[in-house]
């Protein structure tokens, strides 16, 4: 890490309203705040009807910190592989503070990006990205893939 190596606190004031909003989204099956890997995060699972049958599970994990840093991870668990991507804002040695880990593996280092300052705008980018991915999954099914 660069600079201050302390981990900021999770911003529940952001996660709780996002969780509440996700509860109203028709494509979301569950949205719960959990502790994973020693970190509090919001986990949102997409409904099976929004997912082609070859994929066992699709979900988002969202960590938003009090200093404005974040980690938003989208993952698909296929029968034979995992497909994921991640939107990040945090100090590190591998990229700029704002960066994106490309699918299918979400590998490090990622690509440097510039994210909006407001969490609503960042989440809109993520939701749009998941929608685009969903459309491409169903298009592939329609094409017999």
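The values are calculated or read from the model by the stated rules, or taken from the named source; none is laboratory data. Given the structure is predicted, the values throughout are model-derived calculations rather than measurements. Methodologically, a virtual Cβ is constructed for each residue, glycine included, from the backbone with ideal geometry; neighbour enumeration extends over all protein chains shown.
Quick rundown of the values:
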item	result
Enumeration of residues in the range 27-40 that are loosely packed, with under 13 Cβ neighbours inside 10 Å, free of Cβ contacts under 8 Å to residues at least 24 places away in the same chain and in a strand (DSSP E or B)	32, 34, 35
Selection status of residue 81, more than 11 Å from the chain's Cα centre (by Cα) and surrounded by 12 or more Cβ atoms within 10 Å (Cβ to Cβ)	no
Strands (runs of 3 or more DSSP E) contained entirely in the range 60-129, each with at least 1 residues that are within 22 Å of residue 21 (Cα to Cα), touching a residue at least 12 places away in the same chain (Cβ under 8 Å) and in contact with a helix residue (DSSP H, G or I) (Cβ under 8 Å, 6 or more places away or on another chain)	70-78, 82-89
Hits in the range 2-26 (condition: in contact (Cβ under 8 Å) with a residue 24 or more places away in the chain and either farther than 16 Å from residue 63 by Cβ or in contact with a helix residue (DSSP H, G or I) (Cβ under 8 Å, 6 or more places away or on another chain) (or both))	2, 3, 4, 14, 18
Only listed residue being surrounded by fewer than 19 Cβ atoms within 10 Å (Cβ to Cβ) and within 15 Å of residue 123 (Cα to Cα), chosen from 48, 17, 52	17
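Residues checked against (1) under 29 Å from residue 53 (Cα atoms); (2) modelled with pLDDT under 90:
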{"residue": "93", "(1), (2)": "no, yes"}
{"residue": "110", "(1), (2)": "no, yes"}
{"residue": "113", "(1), (2)": "no, no"}
{"residue": "117", "(1), (2)": "no, no"}
{"residue": "123", "(1), (2)": "yes, no"}
{"residue": "132", "(1), (2)": "yes, no"}
